[in-house]
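Enquirer: Take this structure, written in structure tokens, and hold onto it; I'll ask about it next.
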Amino acid sequence: MPISGRKVPPRAIEKEQATVASTISGREVELPAMWNRMFEPRVLTDYTPDGFAKLAELSGAESLEWCYGCGKCIPVCPVDLVGEYGPRKLHRKVQTGLDLLSDPDLWMCTTCGNCLRVCPKEVDMIQIMPAAREAALSEGNVPGELQDVFEKTFRYGNALGENPRRRAQWTRDAGVPVRILSKEPGPVDVLFYVEDYWSYHPRGQEAARAFARVAHALGIDWAILGPEEKTLGDSQRLAGEKGLFDALVEDVTATLAKYEFARIATPDPHGFNALVKEYPKRGHTFEALHYTQLLAPLVDKITWAKELPYKVTFHDPCYLGRHNGEYDAPRTLINAIPGIELREMGRCKQNGYCCGGGGGGMWLDGFTRDHTSERLSERRVREAAETGADTLVVCCPYEVSRFEDAAKSTGNGHLKVRDIIELIDEAMDHAG
Ligand code: SF4
Ligand code: SF4
């Protein structure tokens, strides 16, 4: 629907010249009345409260109407940089009649959180979008590619639709033993929640094997669930499938209850976010760490075998950085690797630019292609290349494949994409 809000200009109801009498001397004076001219109240037409009323009925979606149009959110919204989108623009569209629940804009937000960081009115897209998407789902409005992921997750417990029995297949080529709790029960310090992309995606599996070797060399007492693992489901929740997420919480916590562990570590910032923010709301509290937080305090124990002569730049994952405040652990690890030169991108840390994978965006590239000039991952890869880096370093399982594709499609094939753990694995002395 085109934006059609129309303001009727104010009409002066007093003359442009006014005769004002002094209340003291009674003397009259003729004044140009700009300073006190009365106007009839400005009338706004073509505006309707219907869209906001519909959202206000959805728990979590109320805050869109709080927007007062300051525009701070637009320059920081990653989607607006490649399209026409942002909370202020969305507010305006809903104000002028857009039904968000049936509009493509519903699926554009990656829930990256950068608008909320700057919004004076706390318009919270992290709450609005899941609530509105959940309502859209119940009306049958969902992009096909996302529906496909929901069905795969429901059926197989992972977004890729892979056989759960192959969850631990990556361990075979790790070169070190990996303990699977169902086969070797007993207390363990760190339960390593591998999540979907490190379990199944070929590039994720390489990072998982690197983690296994590093954890082994550092003497960490760790184990995985293997075939019993199901996704923690945070991206499915943010994409609107709250019912699926709640079912996953029940399954996951029932499995975890079978084992004795002190901490959970995961390579997935989305899973990490679920463990620290969403599972406790449902009565399940764990000591949860991102894998960079597990390893950063141990960095002095690493014996290095060689220098890596790489110029690298680092992409902050939205759900590790902005959502959970962790900017230092990844940088501690990167800076500890001998020979590495870290060059920050202009947009980093709190203002890091989203890769496009959050909030279900990981599975919506086909859909969003029709509404943006380029993918967010392509935009980010160009920013990375501008630093002169030869390697884009990441620590989120979504990012390696996204950025490798984007490096190729933007003509930056020289830019390698590596997880931090792969660099540590390459540089460390595994015997030491
Ligand atoms: S920053 Fe907040 S109040 Fe300002 S335009 Fe954006 S959503 Fe509205
Ligand atoms: S959460 Fe991120 S993508 Fe969504 S509207 Fe805000 S800034 Fe844009």
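The values are calculated or read from the model by the stated rules, or taken from the named source; none is laboratory data. Only a predicted model underlies this, so the values are computations on that prediction, with no experimental measurement involved. Cβ atoms come from the backbone with ideal geometry, glycine included; neighbour counts cover every protein chain shown.
Enquirer: Any idea which of (1) surrounded by fewer than 24 Cβ atoms within 10 Å (Cβ to Cβ); (2) assigned to a helix (DSSP H, G or I) is the one LYS258 doesn't satisfy?
Expert: The one condition LYS258 does not meet is (2).
Enquirer: Looking at the range 172-185, can you tell me whether even one residue there is assigned to a helix (DSSP H, G or I) and farther than 18 Å from ALA257 by Cα?
Expert: The answer is yes, given that some residue of the range 172-185 is assigned to a helix (DSSP H, G or I) and farther than 18 Å from ALA257 by Cα.
Enquirer: Here is a follow-up. Restricting attention to the range 381-421, report how many residues are surrounded by fewer than 22 Cβ atoms within 10 Å (Cβ to Cβ), in contact (Cβ under 8 Å) with a residue 40 or more places away in the chain and among the acidic types (Asp, Glu).
Expert: 3
Enquirer: With the condition kept exactly as written, say whether any residue in the range 139-147 is away from ligand 1 (no atom under 14 Å from the Cβ) and buried (at least 23 other Cβ atoms within 10 Å of the Cβ).
Expert: From the range 139-147, those away from ligand 1 (no atom under 14 Å from the Cβ) are 139-147; that's our starting set.
Filter once more, keeping what is buried (at least 23 other Cβ atoms within 10 Å of the Cβ): 146.
Scanning the range 139-147, I find at least one residue that is away from ligand 1 (no atom under 14 Å from the Cβ) and buried (at least 23 other Cβ atoms within 10 Å of the Cβ), so the answer is yes.
Enquirer: Quick check: is even one residue across the range 223-242 hydrophobic (A, V, I, L, M, F, W, C), under 19 Å from ALA132 (Cβ atoms) and surrounded by 21 or more Cβ atoms within 10 Å (Cβ to Cβ)?
Expert: Yes, there is a match, as at least one residue in the range 223-242 is hydrophobic (A, V, I, L, M, F, W, C), under 19 Å from ALA132 (Cβ atoms) and surrounded by 21 or more Cβ atoms within 10 Å (Cβ to Cβ).
Enquirer: Considering only the range 64-160, give the helices (runs of 4 or more DSSP H) lying wholly within it that have at least 1 residues that are outside the structural domain of GLY233 (by TED's automatic domain parsing) and within 10 Å of ligand 2 (Cβ to nearest atom). Reasoning before the result, please.
Expert: Values: elements: 73-76, 87-95, 114-118, 125-138, 144-156.
Those helices (runs of 4 or more DSSP H) span 73-76, 87-95, 114-118, 125-138.
Enquirer: Which residues, counting only those in the range 44-63, are in a loop (DSSP other than H, G, I, E, B), modelled with pLDDT of 90 or more and among the polar types (S, T, N, Q)?
Expert: Within the range 44-63, the first condition is being in a loop (DSSP other than H, G, I, E, B), and the residues that meet it are 46-49, 57-61.
Subset that is modelled with pLDDT of 90 or more: 57-61.
Once the filter is applied, which keeps residues that are in a loop (DSSP other than H, G, I, E, B), modelled with pLDDT of 90 or more and among the polar types (S, T, N, Q), the range 44-63 yields only SER59.
Enquirer: Assess whether PRO104 counts as being under 25 Å from MET362 (Cβ atoms) and within 16 Å of ligand 1 (Cβ to nearest atom).
Expert: In short, no.
Enquirer: Same structure, new question: So THR153 clears everything in (1) within 16 Å of ligand 1 (Cβ to nearest atom); (2) within 21 Å of the chain's Cα centre (by Cα); (3) of a type in the set (S, T, N, Q) except one condition, right? Which one?
Expert: All conditions are met except number (1).
Enquirer: Oh, and also: If we only count helices (runs of 4 or more DSSP H) wholly inside the range 324-432, which ones have 1 or more residues that are within 16 Å of ligand 2 (Cβ to nearest atom), not acidic (Asp, Glu) and not assigned by TED's automatic domain parsing to the domain that holds GLY86?
Expert: 365-368, 376-386, 399-409
Enquirer: What's the number of the only condition in (1) surrounded by fewer than 21 Cβ atoms within 10 Å (Cβ to Cβ); (2) in contact with a strand residue (DSSP E or B) (Cβ under 6 Å, 6 or more places away or on another chain) that TYR327 fails to meet?
Expert: (2)
Enquirer: In the range 264-315, which residue that is outside any loop (DSSP other than H, G, I, E, B) and of a type in the set (Phe, Trp, Tyr) is surrounded by the fewest Cβ atoms within 10 Å (Cβ to Cβ)?
Expert: TRP304
Enquirer: Ok, one more. Looking at (1) over 22 Å from LYS349 (Cα atoms); (2) modelled with pLDDT of 95 or more, can you tell me which one ASP80 breaks?
Expert: (1)
Enquirer: Next question, about the same structure. Of all residues being under 23 Å from TYR398 (Cα atoms) and without any contact (Cβ under 8 Å) to a residue 60 or more places away in the chain in the range 179-208, which is surrounded by the fewest Cβ atoms within 10 Å (Cβ to Cβ)? Just the residue, please.
Expert: Here the answer is PRO202.
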